[in-house]
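The values are calculated or read from the model by the stated rules, or taken from the named source; none is laboratory data. Every value quoted in this text rests on a predicted model; they were computed, and no experiment measured them. Glycine also receives a Cβ, built like all others from the backbone with ideal geometry; neighbour counts cover every protein chain displayed. These accessible areas exclude ligands, DNA and RNA; they are computed on the full protein's heavy atoms, side chains included. Shrake-Rupley method; radii C 1.70, N 1.55, O 1.52, S 1.80 Å.
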Amino acid sequence: MPSTIFPDKAQCQSKTKGVTTKLSKTFRRWKVSSINNNNETMMHWIEKQCPVDVIPKILSFAGPQSMQVLNLTSRHWRSVMEEESTWKVLCEDYHKWKEGDAIPSRWKTHYRLSPCIPLDYSSLNCTSFVSMLQQVQHNSIRSRSSTDEDAHIRVLIKPGKYVLSEGIKVNTAMTVTFQTLDMPDIDYFMNEEEENKEQTAGENISATPKRKLFKRAGKLRKSVMSCRTVNIVNEESNNRLDEIDEKLQPHPSRAMLVLHSRQNNEPIFRVLDGTVNINNMAIIHSSAGIDIWNGNSAVQVQPPSLPDGNLPEFTPRPKVILHKAEVSSRSGRGIVAIDGGTAHVRECYIHDCAATGIYVGGPGSSAIIERADVLRNGNGNRIRRGIGRGHSGIYLEQGTALVRDCNISQNSLSGLSAISQENAILSLEQSDLVANGAIQLEMPPDGSTSRRRSQTRDNRVSTHGMLRERSGLIEVSS
């Protein structure tokens, strides 16, 4: 829940009028004939006569911002906000928990650690969200004895396009998940014809079937979910809006993050510690600068170095797990795991990056890539003194990589390159390397340690031929 705190009780009470007006509109939609339009009477009815199990439903209709106001107005509402049953209903109504999920030990904690964009926070770049994420990470560092539930934050993002001006940094030994919110089927909501019939029926709440009330609830939640803009760009970057490709539209069931940053070499996700899960999302990156080793990439997984330049000795190393994700960078690389970073890529579409699609480098780095499409990477960009043409789909400089059942095709220089003679261990299985530039598959030199420890089997390597997609995302993205 947002951490907005109003300066004093008087100011908070001045906000109550807007909240009660909003609740009045909700009751007028239900045609509650026993309650008149007086806000004080309506609030008195909720506090004194309303069934206890109905109050959480009313709060879910009002929305998180109104709840924050009510929480500071009286002891009654504060006690309501402390009830676990209240937060259970909110988690269910806002789809933060569904049947089949593990039952949280504390519903309020589950709600707080499952923020929804743009319901709880207007943007991934808004000050309150950034502060919340930093506070959770700080608490995780201070209390290593925290439970697994406290050490996992799940950010739910409503399907749509989100323009970011800054990247997201994770720098603590916890798990952070970013995923598209599973919206209920559209038939769950009332259509306009049904709504108009209900508005003219003149029936009170006691005569309304429960099924219709739930449909109204869905309609109201839908309006709450869409009450904020999702294209968030700060004022100083407004002049860059003309650079955003208007043809770039997300799939209706997926969230798309588009970074346009003035800062040099800024990734969308920079993972320094812990684990980041990215599920069912599109990540489109563009940043100033040309340093593709230190940040000019969509996803950068790299532990921080010590002041003397050495890497700290700790385990586990930072990790990113991408599933059903589309990744593209107009200014640099797609996914970078270096200096001991780890990347797990499953059923993803890595395409049209200016430089390498997936780069693994440095001792201890590793990647597992399964059922992925790695296409058309390494073609450079049009920026003056930018990234030149001639990069690979997958580039293993040092470390280990398992590539299984992938489509690695139409990349500028090579499909897959393993370079180091001593420390580039590659396992390539059941994959297609087709129609890449100069080289389809570049293995370590014969007789080298890396070559002896690497293996390939059941692959198709050809300069031309039909492509077989693996991720299931190509048609969705196009």
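In this structure the stretch 344-384 gives 34 Å² per residue of accessible area when probed at 1.4 Å with all protein chains present.
Computed from backbone phi with θ = phi - 60° and the Karplus coefficients 6.51, -1.76 and 1.60, the 3J(HN,Hα) list for the stretch 258-271 is 10, 9, 10, 10, 7, 6, 5, 6, 10, x, 6, 10, 10, 9 Hz; x is used for glycine and proline. Peptides 443-453, 401-411, 258-268, 129-139 ranked from most to least packed by the mean count of surrounding Cβ atoms within 10 Å: 401-411, 258-268, 129-139, 443-453.
Over the stretch 395-478, accessible surface divided per residue gives 48 Å², non-protein components excluded, 1.4 Å probe.
For the stretch 75-139, the fraction of 1.4 Å probe accessible surface lying on carbon and sulfur atoms is 50 percent.
Taking amide H atoms as placed 1.01 Å from N in the peptide plane, the amide H of MET174 lies under 5 Å from those of GLY274, THR275, each 5 or more residues away in sequence or on another chain. Per-peptide packing, taken as the mean over residues of other Cβ atoms within 10 Å, places 291-303, 271-283 in the sequence 291-303, 271-283 from highest down. Using the Karplus relation 6.51 cos²θ - 1.76 cosθ + 1.60 with θ = phi - 60°, the per-residue 3J(HN,Hα) values for the stretch 169-175 come to 10, 10, 9, 7, 7, 9, 9 Hz, with x marking Gly and Pro. For the stretch 337-346, putting each phi into the Karplus relation 6.51 cos²θ - 1.76 cosθ + 1.60 with θ = phi - 60° gives couplings of 10, 9, 6, x, x, 10, 10, 10, 10, 10 Hz, in residue order, rounded to whole numbers and with x for Gly and Pro. For ALA288, the residues whose modelled amide H falls within less than 5 Å of its own, excluding neighbours fewer than 5 places apart on the same chain, are SER261, GLN263, ASN265, GLU266.
Share of carbon and sulfur in the accessible area of the stretch 331-379 stands at 47%, probe radius 1.4 Å. Relative to the globular-protein estimate of 2.2 N^0.38 Å, the Cα radius of gyration of the stretch 346-415 stands at 1.10. Solvent-accessible area assigned to carbon and sulfur over the stretch 422-462 amounts to 41 percent, based on a 1.4 Å probe. Under Stokes-Einstein, with the Kirkwood radius over Cα pairs as Rh, the value for the stretch 314-371 at 10 °C and 1.306 mPa s is 137 µm²/s.
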